[in-house]
Amino acid sequence: MKNIFLSIVLLMFVTSNAWSEEVMDKPSLTVVQAGTLTAIVDAINHETREVTLRSRDGETVSFVVSEEAHNLDQVNVGDYVVTSFNETINIEVHSSEDAKAEVSAAAAVARAEKGDKPGMAATEQLVMTAIVEDINIEANTFKLKGPQGDIDEYTARNPENLKKAQVGDLVTMTYTKSVALTVEKAEAPE
């Protein structure tokens, strides 16, 4: 986890025009990736719980659905499986007294009740903090102390962002990943 966090923080100090000076006095960065994937149920064996999905470009994938998935009996060939996902990385530098480098995580899952339309939603969030230990404007480097107490040095490609941070600042990275899955019935033939 440390390497992911520190790599993302490095991006924050590397990105050239990520911040508006009128809006923030400390660097920050938000990156969002979201999308929706739709596949058609190409085959299903309710006894073995094996499902084959076909994407719009014709590729297929087969898998066995776990017993935790309710309402598989309501899914039929021709139904659509719609998966929506969202990943967000938010990094902020804050002035802070007595800040500590820490890590915390949380997750939540919800699924359809028996008898309801098939579906589920899940979200995970990881929050990590690091402390700015050193900034060397002339060398374009900075050091961060991570949650394990280790101090790593990085080279910034944008010295202007280094000028906005100070030794002792708290760097907070929040990574959130969410996914929702629904099954939509195929339209009845006319």
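Which of the residues that make up region 116-147 are part of a loop (DSSP other than H, G, I, E, B) and either closer than 29 Å to residue 158 by Cα or of a type in the set (Asp, Glu) (or both)? Outline the logic, then answer.
To start, the set of residues in region 116-147 that are part of a loop (DSSP other than H, G, I, E, B) comprises 116-118, 137-140, 146-147.
Once the filter is applied, which keeps residues that are part of a loop (DSSP other than H, G, I, E, B) and either closer than 29 Å to residue 158 by Cα or of a type in the set (Asp, Glu) (or both), region 116-147 yields 116, 137, 138, 139, 140, 146, 147.
Looking at (1) touching a strand residue (DSSP E or B) at 6+ places or on another chain (Cβ under 7 Å); (2) assigned to a loop (DSSP other than H, G, I, E, B); (3) of a type outside the set (A, V, I, L, M, F, W, C), can you tell me which one residue 113 breaks?
Residue 113 satisfies every listed condition except (1).
With the requirement that a residue be in contact (Cβ under 8 Å) with a residue 40 or more places away in the chain, in contact with a Lys or Arg (Cβ under 8 Å, 6 or more places away or on another chain) and closer than 13 Å to residue 100 by Cα, what does region 132-172 give you?
Correct list: 146, 147, 148, 150, 169.
Any idea which of (1) aliphatic (A, V, I, L, M); (2) out of contact with any helix residue (DSSP H, G or I) (no Cβ under 8 Å at 6 or more places or on another chain); (3) surrounded by 13 or more Cβ atoms within 10 Å (Cβ to Cβ) is the one residue 105 doesn't satisfy?
Unmet for residue 105, out of (1) aliphatic (A, V, I, L, M); (2) out of contact with any helix residue (DSSP H, G or I) (no Cβ under 8 Å at 6 or more places or on another chain); (3) surrounded by 13 or more Cβ atoms within 10 Å (Cβ to Cβ): (3).
Which members of region 149-168 meet the condition of being at pLDDT 85 or above, in a loop (DSSP other than H, G, I, E, B) and not hydrophobic (A, V, I, L, M, F, W, C)?
149, 150, 166, 168
For region 139-190, give me each residue that is in contact with a helix residue (DSSP H, G or I) (Cβ under 9 Å, 6 or more places away or on another chain) and among the acidic types (Asp, Glu).
Selection gives 150, 152.
Pick out the one residue from 112, 121, 130 that is under 18 Å from residue 72 (Cα atoms) and surrounded by 18 or more Cβ atoms within 10 Å (Cβ to Cβ). Walk me through how you get there before you give the answer.
Values: 121 fails: surrounded by 18 or more Cβ atoms within 10 Å (Cβ to Cβ); 130 fails: under 18 Å from residue 72 (Cα atoms).
Result: 112 is the single residue among 112, 121, 130 that is under 18 Å from residue 72 (Cα atoms) and surrounded by 18 or more Cβ atoms within 10 Å (Cβ to Cβ).
Looking only at residues that are of a type outside the set (Ser, Thr, Tyr) and surrounded by 11 or more Cβ atoms within 10 Å (Cβ to Cβ) in region 88-99, which one is farthest from residue 171 (Cα to Cα)?
Here is the first cut: in region 88-99, the residues of a type outside the set (Ser, Thr, Tyr) are 89-94, 97-99.
Restricting the remaining residues to those that are surrounded by 11 or more Cβ atoms within 10 Å (Cβ to Cβ) gives 89-94, 99.
Working: 89: 13, 90: 10, 91: 7, 92: 6, 93: 4, 94: 6, 99: 10 Å.
Among those residues, the one meeting the criterion is 89.
With the structure loaded, tell me whether residue 56 is touching a Gly at 6+ places or on another chain (Cβ under 9 Å), of a type outside the set (A, V, I, L, M, F, W, C) and either crowded, with 16+ Cβ neighbours inside 10 Å or without any contact (Cβ under 8 Å) to a residue 60 or more places away in the chain (or both) or whether it fails that test. Steps first, answer last, please.
Working: touching a Gly at 6+ places or on another chain (Cβ under 9 Å): no; of a type outside the set (A, V, I, L, M, F, W, C): yes; either crowded, with 16+ Cβ neighbours inside 10 Å or without any contact (Cβ under 8 Å) to a residue 60 or more places away in the chain (or both): yes.
No; evaluated as a whole, the condition is false for this residue.
Here is a yes/no grid of residues against (1) in contact (Cβ under 8 Å) with a residue 40 or more places away in the chain; (2) on the phi < 0 side of the Ramachandran plot:
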| site | (1), (2) |
| --- | --- |
| 68 | yes, yes |
| 72 | yes, yes |
| 83 | yes, yes |
| 98 | no, no |
| 107 | no, yes |
| 113 | yes, yes |
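The values are calculated or read from the model by the stated rules, or taken from the named source; none is laboratory data. Quick caveat, the model's predicted, so the values are computed rather than measured. For neighbour counting, all protein chains shown are included, and Cβ atoms are generated from backbone atoms with ideal geometry for every residue, glycine included.
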